[in-house]
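All remarks here apply to the structure that follows.
Each reported figure results from applying straightforward, stated rules to the coordinates on display, with no laboratory input. These numbers come from a predicted model, not from an experiment. Note that each Cβ is placed from the backbone with ideal geometry, even for glycine, and that neighbours are counted across all protein chains shown.
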Amino acid sequence: MKDPFSHIEFGAIAENRQIRKILVIRLQASGDVVISLPYLQSLRKQLPEVEIDLLVREECKGIPEQLTIFNTVHVLKGGRNSKLQLFHFFLLFPKLFLKKYDVLLDLQNHRLSRIMRRMLGIKAWSVFDRTSSLYAGDRYKNTINVMNIATVSFEPLNSFRDNGDGWILEKFGLKEGIKYIVINPAGVYANRNLEMEKYLQFCRLWLEMVDPGAVFLLIGISAIEQKAAWLQEKLGNSAINLVNRTSQAEAVLLLRKARVMISEDSGLLHMAYAVGTPSVGILGSTRNDWTNPNLPHTRFFHSSDLACGNCMLPECLYAGTPCLDRISPEMILNAARAIKDLRES
């Protein structure tokens, strides 16, 4: 069966069937898992008595395990090897099958997740639409809503386990009262990499025109290590380099403390706006329709207005990179200033 509006495949719930258990499959990747969480949080709040479990790949389990959304987070081992993943699913299968789930939400929709759905034999199910031009979060929302068990919408992710987050600043030597700005130059391709000099100029403009006491946090993985070291050297005491020092869960807690996030297309960008942090996204060649959430606390620079825009190419076909060259530090500053106080208002 298909939903005529969004082309979502689904198996309808039998009339008058009581929903007691739901299994969600979203195996990868970290940013995509996080995009789904605000909508699953909305589902949890509307169905507080229903058991909601998640099946996720091992490398993406960190954040879901810190949330109260799920009764159980089932972890699929096997790394990025699909054959090993299937083997480990066979090991998990008895436990999942005996749970007798009433509904399966396949928010992954690839070959392995389809095999899982068919093996589990869950009669009521829906499958994420991978081909739609809608923003990914809207597609997650539609995949849930088509089942008519709730009507979910985006709400900032706040369902963290009740151990507080005051410790996160102390762990990394940070202080309450300082306005932290997170910088994440982590676009995976050249066509998504803003010049580092522009980040530096933005930071200097922020210190001069907005908050001379601000501190810039550089958070991310080893891929941005050299960029972060360069920016820290240029900014001195106004920057703190935390690259490779945080887990995913710790990075999210730090993002909740930040005033603004400035990032290229990355998992950390999705984490930031998912928890309600005002976020400026710099997409370059990334498809804007898939990636831009168009939320009140986000501002995205994208290429959809260009004839060559949304090309998804790793390197530009033209001299320079038109979609990035036109973005100035002043434009980033204005975008960040427009949203910086939304969380506090």
Self-check item: DSSP beta bridge pairing in the stretch 9-145, given as percent antiparallel to the nearest 5
Solution: 15 percent
Exercise. Collect residues whose amide H, placed 1.01 Å from N in the peptide plane, falls under 5 Å from the amide H of Gln28; neighbours closer than 5 in sequence don't count.
Key: Arg57
Practice problem: With θ set to phi - 60°, apply the Karplus curve 6.51 cos²θ - 1.76 cosθ + 1.60 along the stretch 334-340 and write out the HN-Hα couplings as whole Hz, x wherever there is a Gly or Pro. | Solution: 5, 5, 5, 5, 5, 10, 4
Quiz item: What is the set of long-range amide H partners of Val260 at a cut-off below 5 Å, with H atoms built 1.01 Å from backbone N?
Solution: Val182
Self-check item: Shape call, the stretch 13-121: gyration tensor on alpha carbons, a/c limit 1.5
Solution: oblate
Exercise. Per residue of the stretch 104-109, in order, report the coupling 6.51 cos²θ - 1.76 cosθ + 1.60 (Karplus, θ = phi - 60°) as ³J(HN,Hα) in whole Hz, putting x for Gly and Pro.
Key: 10, 10, 8, 8, 9, 6
Practice problem: Would you compute, from DSSP H runs of 4+ residues alone, the mean residue ellipticity of the chain at 222 nm, taking -39500 (n - 2.57) per run and dividing by the full residue count, rounded to the nearest 500? | Solution: -10500 deg cm²/dmol
Self-check item: Ile115-Ser328 pseudo-label distance in nm [points 7 Å out on the Cα-to-Cβ vector]
Solution: 5.4 nm
Quiz item: Taking amide hydrogens as modeled 1.01 Å from N in the peptide plane, which residues meet the under 5 Å criterion relative to Gly62, leaving out close sequence neighbours?
Solution: none
Quiz item: How would you rank Arg287, Arg299, Arg114, going from fewest to most other Cβ atoms within 10 Å of each one's own Cβ?
Solution: Arg114, Arg287, Arg299
Quiz item: Which percent, nearest 5, of DSSP beta bridges in the chain are antiparallel?
Solution: 10 percent
Quiz prompt | In sequence order, calculated HN-Hα J values of the stretch 239-256 (Karplus, 6.51, -1.76, 1.60; Hz; x Gly/Pro) | solution = 9, 10, 9, 10, 4, 6, 10, 10, 7, 4, 5, 5, 4, 5, 5, 5, 4, 5
Exercise. May I ask for the longest run of the chain untouched by chymotrypsin sites (Phe, Trp or Tyr not before Pro) that are loop-located per DSSP and have at most 10 neighbouring C-beta atoms (other than their own) within 10 Å?
Key: 6-317
Quiz item: So, in the stretch 167-339, how many Lys pairs have Cα atoms under 21 Å apart, if the pair is 8 or more places apart or on different chains?
Solution: 8
Self-check item: Prolate/oblate/rounded call for the chain, Cα gyration tensor, a/c under 1.5 rounded
Solution: prolate
Practice problem: Any chance you could get the radius of gyration and Dmax over the Cα atoms of the stretch 193-345, in Å? | Solution: 15.0, 43
